[in-house]
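This report concerns only the one structure given below.
The values are calculated or read from the model by the stated rules, or taken from the named source; none is laboratory data. All figures in this text were calculated on a predicted structure; none of them were measured in a lab. Here the Cβ positions follow ideal geometry from the backbone for every residue, glycine too, while neighbour counts run over all protein chains shown. Accessible surface is based on the protein model in full, side chains and every heavy atom, while ligands, DNA and RNA are left aside. Shrake-Rupley method; radii C 1.70, N 1.55, O 1.52, S 1.80 Å.
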Amino acid sequence: MQTLTYWQALNRALDAEMAADDSVFILGEDVGLYGGTYRVTEGLYAKYGERRVLDTPISENSFTGLGVGAAMAGMRPVVEIMTVNFALLALDAIIDMAAKIPFMSGGQFAMPLTIRMPGGTAHQLGAQHSQRLEHTLMNVAGLRIVTPATPQDAYWQLRQAIRSDDCVIVLEHELLNFDQGPVDETIEAPPPHRAMVRREGSDLTVISYSRMANQALAAAGQLAAEGIEAEVIDLRGLRPIDWDTCAASVEKTGLLLIAEEDSRFAGAGAEIAATLAERCFASLRAAPMRVAALDLPNPYNKRLEQDIIPQPADIAAAARALINENS
Amino acid sequence: MDRELHIRFLRDMLRARRMEERFAQEYTRGNIGGFLHLYPGEEAVAVGVLHAAEPGDYIVSTYREHVHALVRGMSMRAIAAELFGKRDGCSRGMGGSMHLFDAAHRFLGGYAIVGETYPVAIGAAYAVMMRGLPEAVICFFGDGAVNQGNFHESLNMAALWKLPVLFVCENNHYQIGTEIHRHSAVTEVYKRACAYNIPAERVTGMDAEQVHTHTLDALKRVRAGLGPALLEFETYRYRGHSMSDPGSYRPQPELKAWEADDPIAAELRDLPMHYPDADTLKAAGIDTTEDIGHRAIENGHLDTHGLEKLEAEIRAEIEDAIAFALASPEPTLDEAKGYLTAGLIHETLI
């Protein structure tokens, strides 16, 4: 099987869908001639031309809204918002238009719109370029959110997003772009929001998503050396969430740890903890525990930046504490 | 312009005026909820513009859109039922007064966040351009909406890519209660378009024929692939911004002056002579209490019986629409859930 980087997998997915369907087109800042600021659209401008790989002005709200209007008129636009941070300027188009038009129209208009946005904490980009927006977006009825953590999922989930008749937000992670992994373009993809058990274990359940799922897997490796078997679940998406897979694991292990890169307060972890506490209360031997970013904007300082988000050692330490206090 | 077209304009303007007046009544009766933004005074714009549109064109509108929907050809029944929040409404009771949608008429919705119509319009226009079709997109907005960033973002892209959009400003001179000279450094909206090399002009919005002529000309250019155009129609709303606004910030003489320039009265005045002559009218001796009727008869431009018949037809249409809306069932919560995501029907999500 071929090995691809995360950005190459995204590029393959775009290429495959553009080749399959003339109504698919890409738009965003520097997606065309420049090849994409994270190289994701590399080569597509030459292959499909400037109309289908459209360089836009710096006008996030209007070009995302353009995607909305085009989707209503039967196209399958793929909007690239250069980074999650700039999506704040497009929240009107995303939340008030894309998410609500199918509903407000009584189901008359589908919204086959894909909005890609890489985000997360990268390398000292400062507070304005290191945000996570999942807490804002996952609260919006009418949106779907996928959070691929591996090149294979990046390939599968972007293709599924483009084929979906709903608006799908693809939350990528800037630090995953050069991660390598196997990508099989021939096997059938699992459903887009099916959570994946990335590692089986019986001592506790660790639920995570995006890059933090990989960090949780690394933590599980450290724990295994100490005789602790963690089950690591990669949610692969935040709306909807595959509660059945999560609940089955929590009912098996009786302990739940959630690892997230976003801030703890009112974050994804809060929703996961609350829902699984409601659903699996009888099986839980302790209150769910969260490992999350501190409630601070990202500091520029390199060491502090690492300190505010969970590292594998932090996840492992939390797992140890949870097990030691409840065994 | 031929007499038949005049009559069609008159009919649609009267339907619009009477429909909105009835909706105001239904609002006070509690049959219509939420915000209700009515159109009286501005009818010539909707009628002149939308009678110039082709069935293949897309229409994007604001929260003051009942009349746009009606003149576009959507049934008064579906509009009334939507305002009543019922299942047979054009948005199945999910949208309400500010969110009328109809895919069959390419009516891409009423939008209640000021300035949202521009990006939807350029998006539909981009789809049209990619398919190479001779279709156009008509994008309505008010004078208050030109101060949103989307105005500039979208006009820039429309001009940059020569998108087939006709931007139609309904300048009624007030953003809710703030008059244009207090909200806009440049009070002539059309002048803003030159920043993007978009041809634009200002036209009276109180005369349907002029609105129609200028719209046809602009659409010709738009359909030819020459890029967008902008028309600013100067008009006036007789009522407040919404039913909860008495509009008392506007001086009475101003309101009276605009009412004297009423578009429906103008239509009656300009209607070509047909029959009968003044003597026949006098002999008929039929009077209506309607001012409009008086004007028509005084000017001898419309047969008394013709106008009565027209008004009676419209009254019947309105009664039928209101009865339909009242009788239409309430939508269910299950229906509401089903409208959220089109994909749920076709895809296995989890």
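Quick check on the protein assembly as shown: take the gyration tensor over C-alpha atoms, sort the square-rooted eigenvalues as a ≥ b ≥ c, and tell me if it's rounded (a/c under 1.5), prolate or oblate.
Prolate, because a/c is 1.5 or more and a/b exceeds b/c.
Compute the distance in nm between two label points, each set 7 Å from the Cα along the Cα-to-Cβ direction, one at A:Glu50 and one at B:Leu333.
If labels sit at A:Glu50 and B:Leu333, their model points lie 5.4 nm apart.
So with the 1.4 Å probe, I'd like the accessible area per residue for region A:2-183, rounded to whole Å².
So region A:2-183 comes to 29 Å² accessible per residue, rounded to a whole number.
So, taking all protein chains as they sit and a 1.4 Å probe, how much accessible area belongs to A:Val31, in Å² rounded to tens?
Spelled out: A:Val31, probe radius 1.4 Å, area about 0 Å².
What is the gain in length, in nm to one decimal, between A:Asn301 and A:Ile58 on full extension, counting 0.36 nm per residue of separation less the C-alpha to C-alpha distance?
Length gained, A:Asn301 through A:Ile58: 84.6 nm.
Using the alpha-carbon centroid of each, what span in Å lies between region A:1-79 and region A:252-327?
35
Rounded to the nearest whole Å³, what is the per residue volume of the convex hull around the Cα atoms of region A:196-325?
99
In what sequence, largest accessible area first, do A:Ser283, A:Ser327, A:Ser202, A:Ser105 appear using a 1.4 Å probe?
A:Ser327, A:Ser202, A:Ser283, A:Ser105
Could you give the dipole magnitude of region B:37-109 about its Cα centre, charging the beta-carbon of Lys and Arg +1 and that of Asp and Glu -1, in debye to the nearest 20?
300
Report, to the nearest 10°, how far helix A:268-280 tilts away from the longest principal axis of the Cα atoms in chain A, using its own Cα long axis and a range of 0 to 90°.
Once rounded, the angle reads 60 degrees.
Taking chain A as the reference, fit the longest principal axis to its C-alpha atoms, fit the long axis of helix A:151-163 to the helix C-alpha atoms, and give the angle between the two in degrees, 0 to 90, nearest 10.
50
If you average the alpha carbon positions of region B:225-267 and of region B:151-167, how far apart do those two centres end up, in angstrom?
Region B:225-267 and region B:151-167 have Cα centres separated by 26 Å.
Taking +1 at the Cβ of each Lys and Arg and -1 at the Cβ of each Asp and Glu, which of B:Gly144, A:Ala154, B:Val67 sits farthest along the dipole of the protein assembly as shown towards its positive end, judged by Cα position relative to the Cα centre?
Final value for the positive-end residue is A:Ala154.
Before I look further, what does region A:191-252 give for accessible area per residue, probe 1.4 Å, in whole square angstrom?
About 32 Å² of surface per residue is accessible.
Can you give the extra length, in nm with one decimal, that the chain gains between B:Arg182 and B:Arg8 once fully stretched, where that is 0.36 nm per residue apart less the Cα-Cα distance?
Length difference between fully extended and current span is 58.9 nm.
Calculated from DSSP H runs of 4 or more alone, at -39500 (n - 2.57) each and per residue, what is the 222 nm mean residue ellipticity of the protein assembly as shown, nearest 500?
Counting only the DSSP helices, I get -12000 deg cm²/dmol.
Along the charge dipole of the protein assembly as shown, Cβ charges K/R +1 and D/E -1, which of A:Asn324, A:Leu27, A:Leu257 sits furthest on the positive end?
Towards the positive end, the residue furthest out is A:Asn324.
Cα to Cα, under 16 Å, and not fewer than 8 places away if on the same chain: which aspartates and glutamates meet these conditions relative to B:Lys220?
Counting by Cα, and skipping residues close in sequence, B:Lys220 has these aspartates and glutamates nearby: B:Glu54, B:Asp57, B:Glu135, B:Glu201.
Given the protein chains as shown and a 1.4 Å probe, how many square angstrom of B:His152 are accessible, to the nearest 10?
Result for B:His152: roughly 60 Å² accessible.
Starting from the amide H of B:Gln148, placed 1.01 Å from N in the peptide plane, find each other amide H under 5 Å away whose residue is 5 or more places distant or on another chain.
Those lying under 5 Å, H to H, from B:Gln148: there are none.
Compute the distance in nm between two label points, each set 7 Å from the Cα along the Cα-to-Cβ direction, one at A:Asp22 and one at B:Arg269.
5.2
Multiply the residue gap between A:Tyr34 and A:Asp314 by 0.36 nm, knock off their C-alpha separation, and tell me the result in nm, one decimal place.
96.9 nm
Reachable aspartates and glutamates from B:Lys337, Cα under 19 Å, same-chain residues fewer than 8 places away excluded?
By straight Cα distance, B:Lys337 reaches A:Asp96, A:Asp165, A:Asp166, A:Asp242, B:Glu82, B:Asp88, B:Glu347.
Of the accessible area of the protein assembly as shown, with the probe set at 1.4 angstrom, what percent is carbon plus sulfur?
52
Let me know the shape class of chain B, please: from the alpha-carbon gyration tensor, a ≥ b ≥ c as square roots of the eigenvalues, rounded when a/c is under 1.5, otherwise prolate if a/b is greater than b/c, or oblate.
Verdict is oblate for chain B.
What FRET efficiency, computed as 1/(1 + (r/R0)^6) with R0 = 30 Å and r the Cβ-Cβ distance, is obtained for A:Met1 and A:Glu229, rounded to the nearest 0.05?
0.60
Which angle between 0 and 90 degrees, to the nearest 10, do you get for helix A:211-225 versus the longest principal axis of chain A when only C-alpha atoms count?
30
Let me have the relative contact order for chain B, percent, based on Cα pairs under 8 Å that are six or more residues apart.
Once normalised by length, the contact order is 21 percent.
List the residue ranges in chain B for DSSP H helices whose C-alpha atoms run 15 angstrom or more along the long axis and whose Kyte-Doolittle average is 0.5 or above.
B:117-131
When the dipole is taken about the Cα centre of region B:3-248, and only Lys, Arg (+1) and Asp, Glu (-1) are charged at their Cβ, what size is it in debye, to the nearest 20?
480
Does region A:2-183 come out rounded, prolate or oblate, given a ≥ b ≥ c as the square roots of the eigenvalues of its C-alpha gyration tensor, rounded meaning a/c under 1.5 and, failing that, prolate meaning a/b above b/c?
Rounded, because the longest to shortest axis ratio a/c is under 1.5.
Just how much of B:Arg92 is accessible, in Å², when a 1.4 Å probe is used and the result is rounded to the nearest 10?
80
Hey, what did chain A get for relative contact order, percent, Cα under 8 Å, at least 6 apart?
Relative CO of chain A lands at 16 percent.
Tell me the per residue accessible area of chain B using a 1.4 Å probe; a whole number in Å² is fine.
39
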